[in-house]
Amino acid sequence: MKRRVSLLLCDLRYRIMRLLVSAKGEQKSSYLSEREKTDFNENTLSQEIRWLEEQLKRTPYWFQGVVKIAHLRLTARDFRGCYDACQVAKLLEMNEKERRLTREVLSTLYLRLGEFEKVKELLMPICEGQAASTVEQELLAAAHMGLEEYEQAADLFDHFESSGIGGRTRPILEYAEQKKSPSG
């Protein structure tokens, strides 16, 4: 009896999936339309932000929670909220690791807003001292690219190549090399 029910359920599932095939023969990967997926993602982000904000009411000095809110607001394209969360994080940071996290989110925000000079102001002192992380160097290189300073960007991307972590930056390095050459 169980086997028969299982077979009937499988057959029913197969028939439903066949009905979901569009007129062009493309199978829908999900029951949700693209708009519904976007709404779902936005609702999920806002729910997570609300939950974190509730937690921060109980523990207002929770640095990781504030940085997570900044990340989520950046993902949700709430740039003002992201900036505000970064300013709160700056007040709460207690060590260099936390300062780096805040700078990383703030630099990403500035890149998205097209404020490349602010990214350089934040990251140049760190990257000149050779104590910068790969993420910080990538953000600074992106700022150089945004300012059309291809030579400086190529130098940073060239560093990635020589350190063995530059596989994903190879096309960008080639573009920057082409742009910095006199004929590019």
Practice prompt. Count neighbours as other Cβ atoms within 10 Å of each site's Cβ, and list the GluC sites (Glu not before Pro) in the stretch 109-150 that are DSSP loop with at most 12 such neighbours.
Written response: Glu148
Worksheet item: Which whole-Hz couplings ³J(HN,Hα) result when phi for each residue of the stretch 62-76 is put into the Karplus expression 6.51 cos²θ - 1.76 cosθ + 1.60, θ = phi - 60°, listed in order with x for Gly and Pro?
Response: 7, 4, 4, x, 5, 5, 4, 4, 4, 4, 5, 5, 5, 4, 7
Worksheet item: What accessible surface, in Å², does a 1.4 Å probe find on Phe79, ignoring ligands, DNA and RNA and rounding to the nearest 10?
Response: 60 Å²
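The values are calculated or read from the model by the stated rules, or taken from the named source; none is laboratory data. These figures come from a predicted structure and were not determined experimentally. Methodologically, a virtual Cβ is constructed for each residue, glycine included, from the backbone with ideal geometry; neighbour enumeration extends over all protein chains shown. The area values use the complete protein model at the heavy-atom level, side chains included, leaving out ligands, DNA and RNA. Shrake-Rupley method; radii C 1.70, N 1.55, O 1.52, S 1.80 Å.
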